[in-house]
Amino acid sequence: MQAGIIKTRRFGPYARLVLKAPKIARHARPGQFVEILISGKAAPFWRRPFSICRVEKTTLELLIKVVGPGSGLLAGMRSGECVDIIGPLGRGFTLPGRGGMFLVGGGFGVAPLLFLAERLRARGRQVEVLIGGRSREDLLLRSAIKLTGATVVCATEDGSCGKQGKVTDLLIERLQDRESGWTLAASGPYPMMAAVAHIAAQYKIYAEVCMEKVMACGLGICQGCMVKVAGQYQRVCKDGPVFPAQAVDWNNE
Ligand SMILES: Cc1cc2nc3c(=O)[nH]c(=O)nc-3n(C[C@H](O)[C@H](O)[C@H](O)COP(=O)(O)OP(=O)(O)OC[C@H]3O[C@@H](n4cnc5c(N)ncnc54)[C@H](O)[C@@H]3O)c2cc1C
């Protein structure tokens, strides 16, 4: 379907796009993604996957990091232009339990966590979002996440914002005096998620991760985006992208 671009904002290598897509907005769940067919000179053949970052009544928002031709073309588009989009795709977070939730994000991986924080807060759940990056400018969506009523805590490797160190060090600190019934969700670079899964197992806290894998069809047909989960190969696009962290075979990549 065609979706009109309502608003765009560029900042550094990133862009935030708001699209008019009532059907997708109505059915989307945090953790799900859309596939966009990008047009223009040097546009890639396959659609490109992007997490749904936020939804309102008839619109959805994407956070895009420019890393190549497709994301570059998309980030350069203007209000009033249209994109060919399909979604919502994949399985989202299950929002387990009734207790509080830690959300751990790195880089553009925070995109689905804004949507998740909004949904959890709308249910009156306590939410603590831990955002990590090399430096302050890598910490994305902090203000938007704070506006959901979630607590935001940051870690940067260069110490330019929040605790100096990795976000996983911050997580270990926060897990020390957590109340019972808390669960965890993570989205970001692969090594960060593998470390979060390990920590969650150590502290016996249920955790889900939102995986990323280079995709072709995005519809579960080509089997190009397989990961090993609970001893079986599963499709990130159809069986995921959200999986129980402890079930992922992190040594298999
Ligand atoms: C489920 C899912 C959700 C995603 N959500 C977002 C998002 O919210 N915001 C965002 O900016 N990006 C997101 N991505 C990554 C995004 O799809 C890729 O960055 C984009 O497809 C790159 O296309 P390109 O044509 O610009 O670059 P390409 O030339 O295709 O790739 C450039 C570089 O990016 C790497 N890359 C390409 N595709 C992926 C991928 N799927 N995962 C990891 N690395 C990739 C390649 O290895 C290459 O090094 C998501 C990916 C998946 C699978």
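Descriptive notes on the structure:
- Applying the criteria of a DSSP loop state and at most 14 other Cβ atoms within 10 Å to the chymotrypsin sites (Phe, Trp or Tyr not before Pro) of the range 22-101 yields PHE45.
- DSSP assigns beta bridges within the chain; of those with both partners inside it, close to 60 percent run antiparallel.
- For the chain: relative contact order, % (alpha-carbon pairs under 8 angstrom, 6 or more apart): 17
- Averaged per residue, the chain has 46 square angstrom of accessible surface, using a 1.4 angstrom probe with ligands and nucleic acids left out.
- Net +/- balance of residues flanking LYS65 in space, Cβ distance below 15 Å, scoring K and R +1, D and E -1: +1
- Of all lysines in the structure, the ones whose alpha carbon falls short of 16 Å from that of LYS213, not counting any fewer than 8 places away in one chain, are LYS65, LYS228, LYS238.
- Over the chain, dividing the summed -39,500 (n - 2.57) contributions of all DSSP H runs of at least 4 residues by the number of residues returns a 222 nm mean residue ellipticity of -6000 deg cm²/dmol.
- Unpaired by the 4.7 Å Cβ criterion, cysteines found in the chain: CYS53, CYS82, CYS154, CYS161, CYS210, CYS225, CYS237
- Of all accessible heavy-atom area on the chain, the percent that carbon and sulfur account for (1.4 Å): 51
The values are calculated or read from the model by the stated rules, or taken from the named source; none is laboratory data. From a predicted model like this one, the values you see are computed outputs, not experimental measurements. Please note: Cβ atoms are built from the backbone with ideal geometry, for glycine as well, and neighbour counts cover all protein chains shown. Just the protein is used for accessible areas: all its heavy atoms, side chains included, with ligands, DNA and RNA removed. Shrake-Rupley method; radii C 1.70, N 1.55, O 1.52, S 1.80 Å.
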